[in-house]
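The values are calculated or read from the model by the stated rules, or taken from the named source; none is laboratory data. No experiment lies behind these values; they were computed from the predicted model shown. As a convention, Cβ positions derive from the backbone with ideal geometry for all residues, glycine included, and neighbour counts pool all protein chains shown.
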Amino acid sequence: MTESDLEQQPPAVEQIAPHGYKLILPPGWVRIPLRNGTKEALENVLFSHMGEVPEGIPRDDAMRFRLEMRRQIEKQARAAKRNGGLDLYIPVRPRGGIFLMASFIVAEMPIGQDGSAPPEAVLAQLASRDVPGRTAAKVEVAGAPALRRFYRSAPDTEKLRSAPEAVQQAALPACRVEYVIPVVDDPGRWISINFSTPGDGDLDSEFTGVLVELFDAVVGTFRWSYE
């Protein structure tokens, strides 16, 4: 089980708000904190967790592969932090000889900040927003109302034509799942858990579906921490 802290703010009312959250990660996944300790966590990933490399990569190229992985993770971490990210979660061990292309981010959301609207009303408003290709469903997370949104993203082919070749190769269609969760006993504070994966390149494949189900199972272990 991994545990993360929330940045503390004075509660709007006399209630005991959680200090953070806990969740259970699948084997081979790690947490990269984005507010503090990011550099140390990346060093730990590079030298402690990435003892294996995918099949087909020569042993002499293993360190080069690890350094490139770190560069990609650093880039992802910077982008997540700019968008209010608290923690980045990634798989760092290959499964069946390959690395999974997937990640999820826990972030603070700038919605309902005045705390005047009850969480159920905010969730209903978010669920009612009609976005083509996106589905939304009310769910429970840690015993409280939350929202799950699912959609598929595709790169803008017009913009990609003028992009560098490396960018074109990295721009893959992806399945995205987002959970929107109110922080209990802390009105006006919300977090999101955002998952993204291109799967095996086929968004309708069984493999891609299994990765989405794995993420849903991880969110099912989410609990608030008061320690």
Filter result (surrounded by fewer than 17 Cβ atoms within 10 Å (Cβ to Cβ) and under 14 Å from residue 190 (Cβ atoms)) within the stretch 128-144: 144
For the stretch 111-130 the number of residues that are within 17 Å of residue 194 (Cα to Cα) and free of Cβ contacts under 8 Å to residues at least 60 places away in the same chain is 3
Matching residues in the stretch 59-93 (in contact (Cβ under 8 Å) with a residue 40 or more places away in the chain and in a helix (DSSP H, G or I)) number 4
Looking only at the stretch 157-169, decide whether some residue is modelled with pLDDT of 90 or more and under 23 Å from residue 83 (Cβ atoms). no
Residue 25 is checked against (1) modelled with pLDDT of 90 or more; (2) more than 16 Å from the chain's Cα centre (by Cα) and fails just one. What number does that condition carry? (2)
Can you pull out every residue in the stretch 193-215 that is closer than 19 Å to residue 133 by Cβ and not hydrophobic (A, V, I, L, M, F, W, C)? 194, 196, 197, 198, 199, 201, 202, 204, 205, 208, 209
Of all residues in the stretch 76-108, which are more than 12 Å from the chain's Cα centre (by Cα) and within 14 Å of residue 27 (Cβ to Cβ)? 92, 93, 94, 95, 96, 99, 100
Show the residue pairs meeting these rules: Cβ distance below 8 Å; 6+ apart or different chains; first residue within the stretch 193-209 and touching a residue at least 24 places away in the same chain (Cβ under 8 Å) and more than 16 Å from residue 150 (Cα to Cα); second residue of a type in the set (A, V, I, L, M) and assigned to a loop (DSSP other than H, G, I, E, B). 201/172
Restricting to the stretch 92-144, count the residues that are on the phi > 0 side of the Ramachandran plot and modelled with pLDDT under 90. 6
